[in-house]
Amino acid sequence: MDSVERPSWAPGDIDLSRPSIARVYDYWLGGAHNFAVDRAVGDRVRAGVPMLRTIVLNHRSFLRRAVRYLLSRGVRQFLDLGSGIPTAGNVHEIAQAADPTATVVYVDIDPVAVAHSRAILTGNERVGVLRADVRDASAVLASPEVRGLLDFDRPIGVLMVALLHFVPDPQDPRGLVGAYHDAIPAGSYLAVSHAGYERGEWDPAWDDATREYNSGVSEITYRGKQEVERLIDVFELVEPGVARLPLWHPESPDDLDENASGFLGFGAVGRKP
């Protein structure tokens, strides 16, 4: 299997027998940097949750809108935590289209995400890629990539898109948010998207797909609006606060559909005063 499937861009230390969060997500987005094991579990989960592609596309759309919002507030530095495998319209493309001097550091633990990011960013000296566990905030913040590219005397936009639902309560996601909050200067921002729903919105038909993903890829902790608010309450939320993803600063009618008010996920942006 290894000799047949491992492409030239894949680092040699990847375990092809185990799916990863970043590669399954890449598959759902229509990307090409995934393996048979990722596609297999991705298909089984998607069969049980037919709207799954719409969900992941909304997280990506929120990322783009949040970055544009932060740019409009003067932010020119971004720390993208759990950045995943680059796709069209990624953070550096949006930021540097607005200001070629904008800087971005991508952080992910997945070796494919890091290897592909480094390959496509060769020659872009204002973008760094760090392979690290974002839960180790002190190591991330002390890394040469972060310290070399981000100026902690100016506002920084921290991005946690589709990240915190992979941090269960015993691992203290609120404390993780606080660690990054305490390190960044006043005037900085946090953008968060999070899988979740309110009481009565869960369809039992999704149970098997959820168990499949939790056991085969990584456990997801779904949270409601108030739970997401508590995770990020150290920041001052900008309007409209924690909202269903399609309803957070939609840019056009294409961002919305008839299910927007019941969308299974939330987004928010907060500012450190």
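Odds and ends about this structure:
- Matching option when the condition is at pLDDT below 95 and either exposed (fewer than 13 other Cβ atoms within 10 Å of the Cβ) or among the small types (Gly, Ala, Ser) (or both), among Pro170, Pro246, Pro253: Pro253
- Selection of the stretch 69-86 for residues being more than 22 Å from Val140 (Cβ to Cβ) and in contact (Cβ under 8 Å) with a residue 40 or more places away in the chain yields Tyr69, Arg73, Gly74.
- Note on the stretch 173-191: residues that are surrounded by fewer than 20 Cβ atoms within 10 Å (Cβ to Cβ) and assigned to a loop (DSSP other than H, G, I, E, B) total 3.
- The lone criterion from (1) surrounded by fewer than 19 Cβ atoms within 10 Å (Cβ to Cβ); (2) touching a Phe, Trp or Tyr at 6+ places or on another chain (Cβ under 9 Å); (3) closer than 28 Å to Leu52 by Cα left unmet by His194 is number (1).
- Among the helices (runs of 4 or more DSSP H) confined to the stretch 58-149, the ones with at least 2 residues that are over 13 Å from the mean Cα position of the chain (by Cα) and small (Gly, Ala, Ser) are located at 91-98, 111-120, 137-142.
- Val192 at pLDDT 95 or above, more than 19 Å from the chain's Cα centre (by Cα) and of a type in the set (Val, Ile, Thr): no
- With respect to the conditions (1) under 16 Å from the mean Cα position of the chain (by Cα); (2) acidic (Asp, Glu); (3) part of a helix (DSSP H, G or I), Glu219 lacks only one, and its number is (3).
The values are calculated or read from the model by the stated rules, or taken from the named source; none is laboratory data. Because the structure is a prediction, the values reported are computed rather than measured. Neighbour counts are summed over all protein chains in view; Cβ atoms, including those assigned to glycine, are modelled from backbone coordinates with ideal geometry.
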